[in-house]
1. With a 10 Å radius around each residue's Cβ, average the other Cβ atoms per peptide and rank 160-170, 352-362, 290-300, highest first.
2. Rg(Cα) of the chain divided by 2.2 N^0.38 Å?
3. Leaving out ligands, DNA and RNA, what percent of the accessible area of the chain is carbon and sulfur, probe 1.4 Å?
4. Determine the gain in length on full extension of the stretch D79-D365; use 0.36 nm per residue of separation and subtract their C-alpha separation, reporting nm with one decimal.
5. Under 16 Å Cα-Cα from K383, which aspartates and glutamates qualify once same-chain neighbours fewer than 8 residues away are excluded?
6. Assigning unit charges at the beta carbon (Lys, Arg +1; Asp, Glu -1) and nothing else, what dipole magnitude in debye, to the nearest 20, does segment 3-141 show about its Cα centre?
7. Using only the alpha carbons of segment 20-104, what is the convex hull's orientation-averaged projected area in square nanometres?
8. Towards the positive end of the charge dipole of segment 3-141, with charges on Cβ (+1 Lys, Arg; -1 Asp, Glu), say which of L104, P52, F66 has the farthest Cα.
Amino acid sequence: MKTSVVLLGASGSIGSQTLDVLRQYRDRFELAAFSVGRRTEIIDSVIAEFHPGFLTVKEEKDAEFFRRKYPEIRVYSGDEGLLELISQSGADMVINALTGYIGLRPTVCALECGKMLALANKESLVMGGKIVTDLAKKKGILIRPIDSEHSAIFQALQGNKKEQVEKLIITASGGSFRNRTRKELENVTVSEALAHPNWSMGKKITIDSATMMNKGFEVIEAHWLFDMDYDRIETVLHPESIVHSLVEYKDGAMIAELGTADMRVPIQYALLYPERMPNTTKKLHLPDIGSLTFREMSFERYPLLKLAYDAGRQGGNLGAALNGANEAAVKLFLEEKISFLDIERYVEETLEVFRKNGMYRKDADLENILESDHWAYRYVKEKVKCLCRH
Ligand code: MG
């Protein structure tokens, strides 16, 4: 029997690589449903190739167009449409490759519906880690991580006891500005920031890699995914991005996962878990690599990483505020309205004001978490708009 899947965010970087994986294992998977944001131009080819029965697009006017074009397909629109795909398509597995807060509700919905869940959407855990993991536990569902670092840890944990783990070590390439000092970051441009040395990814996550916010988010994700104290999660700079992360055990043994920078490997592992199947990925030839280097991570150089640890430790709705502020700041940087270092300044300030206003809630529900994200997003946008006017 084939596993039928819902793919959320099919046109993004992870989404299109997931389609590659589905293409490679046609005998194992069928695409029951998929969603696309604004890049509707990929829809025709996905339908022609995979024959799904359900589709969600962002805009209702696009939905009307595709309903007329494909009367045999159920077409939904908007955020609600993402939930419809999960509850109506009857699929076995949800692959959440959405970016942003928009991914949180579908994750909750997938778990509530008792689906298998392969998760690439970081915000689900950064914002809603407690709600999501409590629900997964209650439903007895194992969340299969897609992010390369968490996949590496997930793989390195196989066959071992969690109680015997000493710590998790998450590697960081350092992003596009890893060889620059903070002083040299004052006037960097958007195109410089977008030139990631190792991975080809979406714009938002490439900027998040340069500020190390992405690593901060990954620390929070690891805390929830692997139920590990923040004191036992470390980050280390590893410019080659060959070691995707490690687990250190009590006896001093470290188990790592190594590979090329190809996201199809972790995607495949999440989908086929616990099986491993041959693929066409370029294999790692160690003599070509020669040597691997590691450097101490610095909170002074990357203050957003420190901020993420702090927000993660306090928990509640702070992850959501952190995410909303960062999302707005990165957007404004990409629009060239603020500088690279302003991203940090605005995110830090927003969290400060959030706390000062008494908005922090330890036991935040889903609504409050989404509100906190939106509040922080608006706060940064408004603040910059005011400054631009003066
Ligand atoms: Mg990652």
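1. Working: 160-170: 15.5, 352-362: 13.7, 290-300: 11.2.
With the highest mean Cβ count within 10 Å placed first, the list reads 160-170, 352-362, 290-300.
2. Values: Rg = 20.5 Å, N = 390, 2.2 N^0.38 = 21.2 Å.
For the chain, the normalised Cα radius of gyration comes out at 0.97.
3. Numbers: 8740 of 17360 Å².
Taking all protein chains in place, the chain shows 50 percent carbon and sulfur surface.
4. Numbers: separation 286, 0.36 × 286 = 102.96 nm, distance 1.87 nm.
Length gained, D79 through D365: 101.1 nm.
5. By straight Cα distance, K383 reaches E327, E335, E336, D342, E344, E348, E349, E352, D373.
6. Values: 18 positive and 18 negative charges, 68 e Å.
Dipole magnitude for segment 3-141 comes out near 320 debye.
7. Details: hull surface 22.2 nm².
Approximately 5.6 nm², given one-decimal rounding.
8. L104
The values are calculated or read from the model by the stated rules, or taken from the named source; none is laboratory data. In this text the structure is predicted, and so the values were computed from the model without any measurement. Here Cβ is always computed from backbone atoms with ideal geometry, including for glycine, and neighbour counts include all displayed protein chains. All accessible areas refer to the heavy atoms of the entire protein, side chains included, with ligands and DNA or RNA removed. Shrake-Rupley method; radii C 1.70, N 1.55, O 1.52, S 1.80 Å.
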